[in-house]
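For reference, the structure is listed below as structure tokens.
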Amino acid sequence: MPNHARIKSHSKVDRNERGSGFYKLNYRQLSGVLTAIGSFLVILFFLPASFDDPARKMIAIVTSGVVLWIFEALPLGLTAAVIMLFMLLLQPVSIEVIYSGFSSSAIFLIIGGMMLARAVNETSLARRITFNILAKWGGTSKGLLGCILIIPQVQSFFIPAAAVRTTLLLPIAIDVLDTIGAPAHSNLRKKVLLGVAFGGTISGTAVMTAAIGNILTVNLLKQFLGVEITYFEWFIYSLPLWITLIPGAWIVLLKCYPLKKEDQSFPKVKNEMQEKVREFGPLNSKEKKCLLILTVTVLLWMTEPLHGLDLSIPAIMGVVLMTLPGVGCASWSNVVKINYDTIFLLGATLSMGYALTESGAAEQIGKVMATPWILSLIQVPIYAVIFILIASQVFHLIMSNVSTAVVTLIPIYIGMSLEAGIDPTFVCFTAALTCLHGYILVVETMPNVIVHSSGQISQREFLVPGLYMTLLMMGLTILIAFTWWDWVGLVP
């Protein structure tokens, strides 16, 4: 990967890491640690008597963990380890529940997805698809932006990780901009880079396995309510939002960063992309094997209602086939090098979500939040959708990590929905989609972070188009909820 596209660490802890292996906390991080300790003690000893002991302990642990995540006082995985340690020491629930997040099929689906992405990267299949799309429509500014938005949508079916999709596309987008000669901070460079970020975020909408928050939501609904949303059902529910956000993002970025007429066409790029496509030649054997295995895996995901296999099974099967000597297209030694910090974080947050419910904390929080006016509000579906959209967006702006936001909010929304006597499924589905779509702040999604890490775009550039995208997403969700979701039976 070119140097200018390498991901730079944005963690303040990482920037202060020393060769000795110790961390030097700055003022903000120290404030975060002290605030976390203070909030833990206050909640543990001063929460109203209506909260029983297990719920009190669990709320104290979760609150202190959320504070640490917000302040970035410790690495994300280390904060997850702290939460696990406190749950094990205080035992607000049984040890079996505390460890249950790591035995969830969702974890193995995520591991399988990350390994599949590495296997695909061992072939030139993803790059071939990218250059073919650019060669066809990348000769104008409008066409180039459209390509940048479409490519991650195509990749989402066979690369189940938004960070990987963005990391693959970013260096290609920067190389194209350099070929065009787009100046630093030019409108073309801004809108193309924002297109990489926004396209990466949107690509997780309709494909359940394309975003970790989707997988966690489905798992939590199954665990707590026995409600199963299949791969195909998720696709059907979110399809209208997905296909309208793509042109929506295209229009927003074109309007926010207009170009002069003479700057809107660059045939040199199209010719260069066509030359790169010719260099690829016909599909080689590794690409054919990769494409065949991915096709079978995706078909098994889509036909889950017919065969009943858990989504993790096709993922693991795909990994085995991809790495099996003589059959696959990738080496096991490379495919197994996934980010286990992410796996630990997800396992711990799932355990936290399970413990919130098992301890009774989520139900008791739901009762406290379910004031008469909120209960009457969410009993009307349109008001419920608006309330969930706004509340989830605000929480996501504070708690930037999507997985943590989902695992914290879903149990609480389930408790509130049950208290109000409404179906929690559409409430939680709305919350999951809302947490996925973060456009305003860099830290809201991994695609934003990765694009920002190129050093070629600042937080300031995200604000205006990000606000428009957030309002567009919320408006479209309300419209779709009372047309499409009503027709397909998601809204009762």
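The values are calculated or read from the model by the stated rules, or taken from the named source; none is laboratory data. These numbers were taken from a predicted model, which means no experiment stands behind them. Positions of Cβ are backbone-derived with ideal geometry, glycine not excepted, and every protein chain shown enters the neighbour counts.
With respect to the stated conditions, I61 is in a helix (DSSP H, G or I), of a type in the set (V, I, T) and either at pLDDT 85 or above or over 30 Å from the mean Cα position of the chain (by Cα) (or both).
All conditions in (1) farther than 21 Å from S105 by Cα; (2) out of contact with any Phe, Trp or Tyr (no Cβ under 9 Å at 6 or more places or on another chain); (3) surrounded by 16 or more Cβ atoms within 10 Å (Cβ to Cβ) hold for C290, with the sole exception of (2).
Among the residues of the stretch 141-150 satisfying the criterion of being surrounded by 17 or more Cβ atoms within 10 Å (Cβ to Cβ) and either touching a residue at least 12 places away in the same chain (Cβ under 8 Å) or not assigned by TED's automatic domain parsing to the domain that holds I174 (or both), which is farthest from G181 (Cα to Cα)? Please lay out each step first, then the result.
Let us first name the residues in the stretch 141-150 that are surrounded by 17 or more Cβ atoms within 10 Å (Cβ to Cβ), namely 141, 143-150.
Next cut, either touching a residue at least 12 places away in the same chain (Cβ under 8 Å) or not assigned by TED's automatic domain parsing to the domain that holds I174 (or both) only: 141, 144-150.
Working: S141: 13, L144: 14, L145: 16, G146: 19, C147: 18, I148: 17, L149: 21, I150: 23 Å.
Result: I150.
Taken over the stretch 154-166, the criterion of being surrounded by fewer than 22 Cβ atoms within 10 Å (Cβ to Cβ) and more than 14 Å from the chain's Cα centre (by Cα) is satisfied by V154, F157. Taking the criterion of being among the basic types (K, R), touching a helix residue (DSSP H, G or I) at 6+ places or on another chain (Cβ under 7 Å) and under 25 Å from A330 (Cβ atoms), the only residue of the stretch 267-301 that qualifies is K276.
Condition check ((1) within 18 Å of T205 (Cα to Cα); (2) more than 18 Å from the chain's Cα centre (by Cα); (3) at pLDDT below 90) across all residues:
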{"site": "I398", "(1), (2), (3)": "no, no, yes"}
{"site": "I450", "(1), (2), (3)": "no, no, yes"}
{"site": "Q459", "(1), (2), (3)": "no, yes, yes"}
{"site": "L471", "(1), (2), (3)": "yes, yes, no"}
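Total residues in the stretch 28-55 satisfying the condition of being touching a helix residue (DSSP H, G or I) at 6+ places or on another chain (Cβ under 6 Å) and closer than 18 Å to G415 by Cα: the figure is 2. Of all residues being assigned to a helix (DSSP H, G or I) and β-branched (V, I, T) in the stretch 228-244, which is surrounded by the fewest Cβ atoms within 10 Å (Cβ to Cβ)? Just the residue, please. Checked the stretch 228-244; the qualifying residue surrounded by the fewest Cβ atoms within 10 Å (Cβ to Cβ) is I243. For the stretch 261-287, the candidate set comprises residues that are surrounded by 12 or more Cβ atoms within 10 Å (Cβ to Cβ) and modelled with pLDDT of 85 or more; within that set, the residue that is nearest to the chain's Cα centre (by Cα) is E287. Taking the stretch 204-227 as the range and being closer than 16 Å to D423 by Cβ, in contact (Cβ under 8 Å) with a residue 40 or more places away in the chain and either surrounded by 24 or more Cβ atoms within 10 Å (Cβ to Cβ) or of a type outside the set (A, V, I, L, M) (or both) as the test, the residues that pass are T217, V218, L220, F224. Only one entry in P305, P247 is loosely packed, with under 14 Cβ neighbours inside 10 Å, in contact (Cβ under 8 Å) with a residue 12 or more places away in the chain and more than 20 Å from the chain's Cα centre (by Cα), namely P305.
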